[in-house]
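**Student:** So that we are looking at the same thing, I have put the structure below in structure tokens.
The values are calculated or read from the model by the stated rules, or taken from the named source; none is laboratory data. The shown structure was predicted, so the numbers you read here are calculated from the model rather than taken from an experiment. Reconstructed Cβ throughout: ideal geometry from the backbone, glycine too, with neighbour counts over all protein chains shown.
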Amino acid sequence: MIVDGVRLLNFSSNNYLGLANRPELRVAAHQASETHGWGAGASRLISGTTDVHEAFEARFAEFKGFGASLLYTTGYAANLGIIQSLVGSGDYVVGDALNHASIIDGARLSGADYRTYAHLDANALDGVLSQVDKSTAKGKRLVVTETVFSMDGDVAPLADIVEICERHNAMLLVDEAHATGCVGPEGKGALALEGLASRVTVSMSTLSKALGSLGGIAASTESIRSYLVNSSRSFIYTTALPAPVVAASEAALGVLQQEPELVTRLAENSTLMRDGLRAQGFNILASSTQIIPIVVGSPGKTLEFALKLREKGLFTVAVRPPTVPPGASRVRLSVMATHEAADLHWALTVFEEAGKELGIL
Ligand SMILES: Cc1ncc(COP(=O)(O)O)c(C=O)c1O
């Protein structure tokens, strides 16, 4: 990337597979704008639904191994709408302590009682659900977790979570924002990797990260999709995504399906970076994916680190509270399939040099 005229190696994009820059997406968007125009002109339930929306929803559901799927304008809107549809006042949402803000906002908006369990701790989830079971309330239970966590790059213990939800008769929403396109067979996500798709209530993804486009999407059964259509306020009361945007998402899915080696390449690049940074002595938590936190601690030092990296040619961003817990400020790296191995080896030398200069190593 070029920032203020300076060429930098970008480690801060969720365009994990480089699809946002692929000609296939630009061509598809262009063609759809020729046939359908640009703006959708109305919400989905008025006149904003086109054949492009419907075709993509069907294709995405099949890709994910679900019966149906429903597009929202963003991943943020999807989490808001799904949660607000599934639960309300008198119900419970139980979420991982590090869930994304869109999940927390969805829970707040729903009016349900939001409780958290310790990050990745399935036993703690079991404990919270047992407490809820003991209470006099008869409300519904909805468990929500990201699969690949957006700031730590670790992965939820999905098989345990599914089993616990079934035992407590709780619905389960998983957020695959950073998993779709990145992990699992052909990038189908973490659920597909463990063969658990049929055992969750809704699998949410965003199209704005690995798929290089824009939009959120809920994969579920046909009957849950119908229910979301009629109850998700963030779906009903907003203008539909422009057809060219959806056409670009469909083209991205096509590239992904034709070039599964992109997913392999992302995994290889991510392993190279994680192994290298760990060997140098950086604290990268339990990352096992393309998201690699380099935990520094204080916000000031983290900013200094990001600045030093930038002076040396790497674009990274300092992530500080409230996005991450106090004391856990970090430089969050996103590895891409399009990074060249030689660039990654060079970047590792830069991280080490900067880390030593600032006393982080
Ligand atoms: C885990 C998670 N869920 C949902 C979202 C929201 O997706 P979008 O950017 O498409 O609104 C994001 C990203 O911002 C995210 O990291």
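**Student:** Condition test on residue 85, is it without any contact (Cβ under 8 Å) to a residue 40 or more places away in the chain, more than 20 Å from residue 122 (Cα to Cα) and more than 11 Å from the ligand (Cβ to nearest atom)?
**Tutor:** Numbers: without any contact (Cβ under 8 Å) to a residue 40 or more places away in the chain: no; more than 20 Å from residue 122 (Cα to Cα): yes; more than 11 Å from the ligand (Cβ to nearest atom): yes.
It is false that residue 85 is without any contact (Cβ under 8 Å) to a residue 40 or more places away in the chain, more than 20 Å from residue 122 (Cα to Cα) and more than 11 Å from the ligand (Cβ to nearest atom).
**Student:** From the list 331, 324, 335, 317, pick out the single residue that is touching a Ser or Thr at 6+ places or on another chain (Cβ under 8 Å), modelled with pLDDT under 95 and among the β-branched types (Val, Ile, Thr).
**Tutor:** Values: 331 fails: modelled with pLDDT under 95; 324 fails: touching a Ser or Thr at 6+ places or on another chain (Cβ under 8 Å); 335 fails: modelled with pLDDT under 95.
Every option except 317 fails the conditions.
**Student:** Take the residues in the range 286-316 that are part of a helix (DSSP H, G or I) and aliphatic (A, V, I, L, M); name whichever of them is nearest to residue 351 (Cα to Cα). Show your work before the answer.
**Tutor:** Of all residues in the range 286-316, those part of a helix (DSSP H, G or I) come to 299-311.
Subsequent filtering for residues that are aliphatic (A, V, I, L, M) retains 303, 306-307, 309.
Details: 303: 14, 306: 10, 307: 12, 309: 7 Å.
Among those residues, the one meeting the criterion is 309.
**Student:** If we only count strands (runs of 3 or more DSSP E) wholly inside the range 168-282, which ones have 3 or more residues that are small (Gly, Ala, Ser) and surrounded by 19 or more Cβ atoms within 10 Å (Cβ to Cβ)?
**Tutor:** Numbers: elements: 171-175, 202-206, 216-220.
Where strands (runs of 3 or more DSSP E) fall fully within the range 168-282 and carry at least 3 residues being small (Gly, Ala, Ser) and surrounded by 19 or more Cβ atoms within 10 Å (Cβ to Cβ), they are 216-220.
**Student:** Exactly one condition in (1) part of a loop (DSSP other than H, G, I, E, B); (2) over 30 Å from residue 347 (Cβ atoms) is false for residue 15; which is it?
**Tutor:** Failed condition: (2).
**Student:** Could you check how many residues of the range 1-50 are within 27 Å of the chain's Cα centre (by Cα) and β-branched (Val, Ile, Thr)?
**Tutor:** Total meeting the criteria: 5.
**Student:** Every residue in the range 14-50 that is surrounded by fewer than 13 Cβ atoms within 10 Å (Cβ to Cβ) and of a type in the set (A, V, I, L, M, F, W, C), please.
**Tutor:** The answer is 38, 42, 46.
**Student:** Return the pairs, sorted by first residue and then second, in which the second residue is within 16 Å of the ligand (Cβ to nearest atom) and in a helix (DSSP H, G or I), the first residue lies in the range 176-200 and is in contact (Cβ under 8 Å) with a residue 24 or more places away in the chain and within 25 Å of residue 141 (Cβ to Cβ), the beta carbons are less than 6 Å apart, and the residues are 6+ apart or on different chains.
**Tutor:** From the range 176-200, the pairs are 177/75; 179/190; 194/158; 196/158; 197/191.
**Student:** Cβ-Cβ distance below 6 Å, separation of 6 or more or different chains: which pairs start in the range 46-75 with a residue that is touching a residue at least 60 places away in the same chain (Cβ under 8 Å) and end on one that is part of a loop (DSSP other than H, G, I, E, B) and within 16 Å of the ligand (Cβ to nearest atom)?
**Tutor:** Listed by first residue and then by second, the contacts come to 48/240; 71/215; 73/238; 73/241; 75/177.
**Student:** On the given criteria, is residue 172 closer than 30 Å to residue 36 by Cα and either at pLDDT 95 or above or of a type in the set (Asp, Glu) (or both)? Give the steps one after another, and end with the answer.
**Tutor:** Working: closer than 30 Å to residue 36 by Cα: no; either at pLDDT 95 or above or of a type in the set (Asp, Glu) (or both): yes.
Judged against the criteria, residue 172 is not a match.
**Student:** Next question. For the range 150-170, name all the residues that are in contact (Cβ under 8 Å) with a residue 60 or more places away in the chain and within 15 Å of residue 122 (Cα to Cα).
**Tutor:** Step one: list which residues in the range 150-170 are in contact (Cβ under 8 Å) with a residue 60 or more places away in the chain, which gives 150-156, 170.
Listed by number, the residues that qualify are 154, 155, 156, 170.
**Student:** Inspect all residues belonging to the range 34-56 and state whether any of them is within 16 Å of the ligand (Cβ to nearest atom) and assigned by TED's automatic domain parsing to the domain that holds residue 144. Working first, answer last.
**Tutor:** Initially, the range 34-56 is screened for residues within 16 Å of the ligand (Cβ to nearest atom), giving 56.
Checking the rest, the ones that are also assigned by TED's automatic domain parsing to the domain that holds residue 144 come to 56.
Yes, some residue in the range 34-56 is within 16 Å of the ligand (Cβ to nearest atom) and assigned by TED's automatic domain parsing to the domain that holds residue 144.
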